[in-house]
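**Student:** Got a structure for you, written out below as structure tokens; questions coming shortly.
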Amino acid sequence: MALPLPKRARVEGDRKVCMVTGGTGMVGKAIEHEIKAQRPEGEKWIFLSRKDADLRDMGATRAVFEKYRPTHVLHLAAMVGGLFKNLKYKADFLRENMLINDCVLHCCYEFQVQKCVSCLSTCIFPDKTTYPIDETMIHDGPPHESNFGYAYAKRLIDIQNRAYHEQYGCCFTSVIPTNVFGLYDNFELEDSHVIPGLIHKCYNAKRDDTPLTVWGSGRPLRQFIFAEDLAKLMVWALREYDEISPLILSVDEDQEVSIREVAEMVAKGIEFKGKLEFDSSKSDGQFKKTASNAKLRKFLPKFQFSNLEKAIEETVDWFILNYDELRR
Ligand code: NAP
Ligand code: GDP
């Protein structure tokens with residue numbers, strides 16, 4: 001059976017047109033900042049928000065691809081949230097993200113995008129596994145039950161990438177960052193990730209002269225990557241990483257920290273001198289998901305990650321400065 005001819009991307013001379021879905025979120029803003037600093041010649045960058053197109057809708061997605069004719073896509077748009085949002089909205093995480101990924105990747109195929117890099121997450125790895133986790137282990141067993149909706153939708157991107165490559169020869173790949181934090185994060189109290197959630201709670205605790213309540217036991221371990229570092233790595237991946245199989249973007253294994261240590265860094269950043277309490281009635285989530293960055297280190301052996309404590313301080317300063325406008 002003849003395959004339908006994909007629509008050819010318009011290349012303006014040799015100029016690349018790089019389109020970022022989810023360009024208004026934390027990671028998208030960090031990439032925009034990085035591109036402003038680099039001012040790359042021969043690349044035009046477009047940062048999409050939900051207002052440009054609801055990417056759950058194929059018609060709207062096609063229209064935005066038709067408008068910009070990207071040659072390269074960084075696909076970040078997703079329903080995103082911390083452990084406690086994932087526990088509440090499993091069906092929404094699964095469906096919204098499957099719809100978004102289907103529309104974006106199929107349009108990348110239809111419009112002959114030369115390369116698409118999508119964003120997965122280390123929380124999609126199997127719960128029962130051996131450590132450190134590497135790129136080959138994504139599908140080796142069920143994810144942690146707390147976030148299986150998000151995890152299966154994200155795992156499917158890797159399957160989609162392989163299928164589009166094998167059937168149509170598309171160069172679609174993915175990166176797998178660990179827990180990300182930084183400027184423009186979502187600082188809501190309930191639904192955010194741990195660092196922005198604790199920054200907001202600690203700010204309130206200092207203001208109200210109350211203890212800081214950390215959810216769970218404080219014992220789980222995490223590797224955190226500053227959005228600024230992730231942005232540099234994702235821009236590099238779009239230009240240089242040509243495998244279809246994913247690439248973990250993580251700090252070294254010895255940089256893994258406990259939630260208690262992170263809470264202490266947040267308290268230091270806020271200059272909070274009160275007590276830390278641990279509410280063990282709340283979920284700990286996955287105990288750890290220690291990831292290996294050996295594959296990344298083969299490509300970029302000298303890449304310097306930001307110091308965690310300093311990056312948390314920078315995020316706290318940004319939170320205080322932008323308190324009136326930010327997501328909280
Ligand atoms: P974020 O700040 O919540 O940003 C999400 C972005 O997706 C926003 O630009 C949002 O647009 C857009 N979006 C959501 N639903 C959309 C829809 N239906 N149509 C169009 N756009 C939509 O998230 P982030 O933390 O930057 O995450 C970026 C990527 O990194 C995601 O793929 C996420 O899964 C992945 N990741 C994040 C972490 C983490 O710890 N944050 C860890 C690993 C991987 P609006 O602003 O217009 O709503
Ligand atoms: P995860 O890494 O995907 O589990 O996502 P999170 O960024 O939500 O981190 C969850 C871990 O931080 C769990 O061990 C929680 O018990 C712990 N934690 C402590 N306080 C908070 C908080 O205020 N918000 C969130 N989201 N997690 C918290």
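**Student:** Sequence neighbours fewer than 8 away in the same chain don't count; with that in mind, list the lysines whose C-alpha is under 18 Å from LYS298.
**Tutor:** Straight-line reach from LYS298, under 18 Å: LYS232.
**Student:** When ranked by the protection proxy of mean other Cβ atoms within 10 Å per residue, highest first, what sequence do the peptides 170-176, 45-51 form?
**Tutor:** 170-176, 45-51
**Student:** Quick one: helix 227-240 against the long Cα principal axis of the chain, what's the angle to the nearest 10°, folded into 0 to 90?
**Tutor:** Helix 227-240 sits roughly 20 degrees off the main axis of the chain.
**Student:** Turning to a different aspect of this structure: Below 18 Å, Cα to Cα, which lysines can LYS268 reach? Residues fewer than 8 away in the same chain don't count.
**Tutor:** LYS201, LYS206, LYS310
**Student:** Relative to the present Cα-Cα distance, how much length would full extension add between ASP209 and LEU321 at 0.36 nm per residue of separation?
**Tutor:** 38.3 nm
**Student:** At 0.36 nm per residue, minus the direct Cα-Cα distance, what do LEU221 and GLU66 gain on full extension? Give it in nm, one decimal, please.
**Tutor:** Once the chain is fully extended between LEU221 and GLU66, it gains 51.4 nm.
**Student:** Also: What does a probe at ASP14 reach in the stretch 39-60, counting residues whose amide N is under 13 Å from the point 7 Å along Cα→Cβ?
**Tutor:** Once the point is set 7 Å along Cα→Cβ of ASP14, 41-43 turn out to lie under 13 Å by backbone N, inside the stretch 39-60.
**Student:** Collect residues whose amide H, placed 1.01 Å from N in the peptide plane, falls under 5 Å from the amide H of ILE225; neighbours closer than 5 in sequence don't count.
**Tutor:** ASN179, VAL180, PHE181
**Student:** Counting DSSP beta bridges with both partners in the chain, what percentage is antiparallel, nearest 5?
**Tutor:** Bridges in the chain that DSSP calls antiparallel: roughly 10 percent.
**Student:** Per residue of the stretch 51-63, what does 6.51 cos²θ - 1.76 cosθ + 1.60 with θ = phi - 60° give for ³J(HN,Hα)? Whole Hz please, x for Gly and Pro, Karplus curve as stated.
**Tutor:** For the stretch 51-63, the Karplus-derived couplings read 5, 6, 6, 7, 6, 7, 10, 5, x, 5, 5, 4, 4 Hz, x marking Gly and Pro.
**Student:** Among ARG56, ARG15, ARG162, which one moves the most in a GNM of the chain with springs linking Cα atoms closer than 10 Å?
**Tutor:** Result for the chain, Cα springs under 10 Å: ARG15 fluctuates most.
**Student:** How far apart, in nm, are two points set 7 Å out from the Cα along the Cα-to-Cβ line at HIS106 and at ASP284?
**Tutor:** Computed distance between label sites HIS106 and ASP284 equals 4.3 nm.
**Student:** Using a basic spin-label model with each label point 7 Å from the Cα along Cα→Cβ, how many nm lie between LYS268 and GLN304?
**Tutor:** 1.9 nm
**Student:** Would you calculate a helix-derived [θ] at 222 nm for the chain, using -39,500 (n - 2.57) for each DSSP H run of n ≥ 4 and dividing by the full residue count, to the nearest 500?
**Tutor:** Computed ellipticity for the chain at 222 nm equals -13000 deg cm²/dmol.
**Student:** Right, something else. What distance in nm separates the two pseudo spin-label positions at ARG297 and HIS165, each 7 Å out from Cα along the beta-carbon direction?
**Tutor:** Rounded to a tenth, the inter-label distance reads 2.4 nm.
**Student:** Between the stretch 162-234 and the stretch 21-90, how far is it from one alpha carbon centroid to the other, in angstrom?
**Tutor:** After rounding, the separation between the Cα centres reads 17 Å.
No value in this document is a laboratory result; all are computed from the given coordinates. All values derive from a computational prediction rather than experimental measurement. Note that we place each Cβ from the backbone using ideal geometry, even for glycine, and neighbour counts take in every protein chain shown.
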